[in-house]
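Report on the structure given below.
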Amino acid sequence: QVQLVESGGGLVQAGGALRLSCAASGRTFSSYTMGWFRQAPGKEREFVAAINWNGGSLVYADSVKGRFTIFRDNAKNTVYVQMNSLKPEDTGVYYCAATLRGSFSVARDYDHWGQGTQVTVSS
């Protein structure tokens, strides 16, 4: 079992940057593939980025490629997403999630979710 707590959200102007963190409890964090998802008002939750257990495999949504970077520190039980060149369409609640399955981008394959952190990008 793993519990996840996101932090780092906030209000930023378009073109700005934020770094989100997701701290995990439990001794098996390093076994999990970790993902970031987001949900805008009135829209379905969508995949943002994912990283496998050792950081050797990274997957990004097309909408964030070249702007977002996901990375993890297994010694700190934490996964991050660095978000640069933010756009108003990046606004939403950002969730981190953990899975032991082989999937990266499918939300229903993730078994553990954080409570989310709000990111608002103003134009």
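How about the range 42-84: which strands (runs of 3 or more DSSP E) wholly inside it have at least 2 residues that are basic (Lys, Arg)?
none
Check whether at least one residue in the range 56-69 is crowded, with 19+ Cβ neighbours inside 10 Å and in contact with a Ser or Thr (Cβ under 6 Å, 6 or more places away or on another chain), and report yes or no. Before you say what the answer is, go through the steps one by one.
From the range 56-69, those crowded, with 19+ Cβ neighbours inside 10 Å are 60, 64, 68; that's our starting set.
Narrowing further to those that are in contact with a Ser or Thr (Cβ under 6 Å, 6 or more places away or on another chain): none.
So far as the range 56-69 goes, no, none of its residues is crowded, with 19+ Cβ neighbours inside 10 Å and in contact with a Ser or Thr (Cβ under 6 Å, 6 or more places away or on another chain).
Between a first residue in the range 62-73 that is over 17 Å from Asn52 (Cβ atoms) and a second residue that is assigned to a loop (DSSP other than H, G, I, E, B) and hydroxyl-bearing (Ser, Thr, Tyr), which pairs have beta carbons less than 7 Å apart while being 6 or more apart in sequence or on different chains?
Matching pairs, first to second residue: Arg67/Ser85.
Across the range 103-123, what is the total count of residues that are under 12 Å from the mean Cα position of the chain (by Cα) and hydrophobic (A, V, I, L, M, F, W, C)?
4
Tally up the residues in the range 16-44 that are closer than 17 Å to Gln118 by Cα and either more than 12 Å from the chain's Cα centre (by Cα) or open to solvent by less than 40 Å² (accessible area, probe 1.4 Å) (or both), please.
15
Mind listing whichever residues of the range 73-85 are surrounded by fewer than 22 Cβ atoms within 10 Å (Cβ to Cβ), at negative phi and out of contact with any Ser or Thr (no Cβ under 7 Å at 6 or more places or on another chain)?
Asp73, Ala75, Lys76, Asn84
Among (1) among the aliphatic types (A, V, I, L, M); (2) in contact with a helix residue (DSSP H, G or I) (Cβ under 9 Å, 6 or more places away or on another chain); (3) modelled with pLDDT of 95 or more, which single condition is Ala61 missing?
The failed condition is (2).
Taking the range 88-113 as the search range and keeping residues that are under 27 Å from Ala14 (Cα atoms) and of a type in the set (Asp, Glu), which one is surrounded by the most Cβ atoms within 10 Å (Cβ to Cβ)?
My answer is Asp90.
The values are calculated or read from the model by the stated rules, or taken from the named source; none is laboratory data. This structure is a prediction, so every number in the text was calculated from the model and none was measured. No Cβ is skipped: glycine too gets one built from the backbone with ideal geometry, and neighbour counts run over all protein chains shown. These area figures cover heavy atoms from the full protein model, side chains too; ligands, DNA and RNA do not enter into them. Shrake-Rupley method; radii C 1.70, N 1.55, O 1.52, S 1.80 Å.
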